[in-house]
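Encoded as structure tokens, the structure appears first; notes follow it.
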Ligand SMILES: [Zn+2]
């Protein structure tokens, strides 16, 4: 019930359906589904089945070598544009939601032919801050960095690791590629897939 093991969610993440849960603080309901309105931890009160999001606390700035969570907004040919959501460790929001970039040369070790094979808009990533000023430059090259949560480009389901490598959509079977972190699907997560099963 408590502690930092509760999944970290970002605004817009699906928390469950209105049949399963009562929408609580930090959430909103839309067409029978309950979403997070905040960056924070998803919690469920078993006594009344209320799902709520406890906001995480702000930090003043980010620094070189910090590990941060971000959401990919746009993938260009040479860089991915990322909204930085929180620091890692004890996740905290960062005021002003600064923007960072992952240059194609910093996406992974070795040569990256197409950045669109490594990231897609909406992906949640964990990255290291190479440079914090004047602009935020990020790297996802290390094995423990990269995409930790991604959605299917065809049905929007949460992608799971495929046995043969890469990612697979448990809902529609779509196969996708990403530069995943070793903790894909585990670290901040977006809670259990409310509508999906598991990969076969
Ligand atoms: Zn799918």
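Rule-based calculations on the coordinates, nothing more; no lab input. Here the structure is a predicted model, which means the values were calculated and not measured. Heads up, the Cβs are rebuilt from the backbone with ideal geometry, glycines too, and the neighbour counts pull from every protein chain shown.
A convex hull fitted to the Cα coordinates of region 8-55 yields 52 cubic angstrom per residue. What number, in percent, do you get for the relative contact order of region 8-55 if the mean sequence gap of Cα pairs under 8 Å and at least 6 apart is divided by its residue count? Over region 8-55, the number comes to 42 percent. Taking every pair of alpha-carbon atoms in region 57-186, give the share separated by more than 23 Å as a whole percent. Cα-Cα pairs of region 57-186 separated by over 23 Å account for 28 percent. Each peptide in 66-73, 141-148 receives the mean, over its residues, of other Cβ atoms within 10 Å, and ordering these scores from highest gives 66-73, 141-148. Extension gain for residue 154-residue 28 works out to 42.9 nm (0.36 nm per residue, less the C-alpha to C-alpha distance).
Treating r as the C-beta distance of residue 161 and residue 63 and R0 as 30 Å, the FRET efficiency rounds to 0.45.
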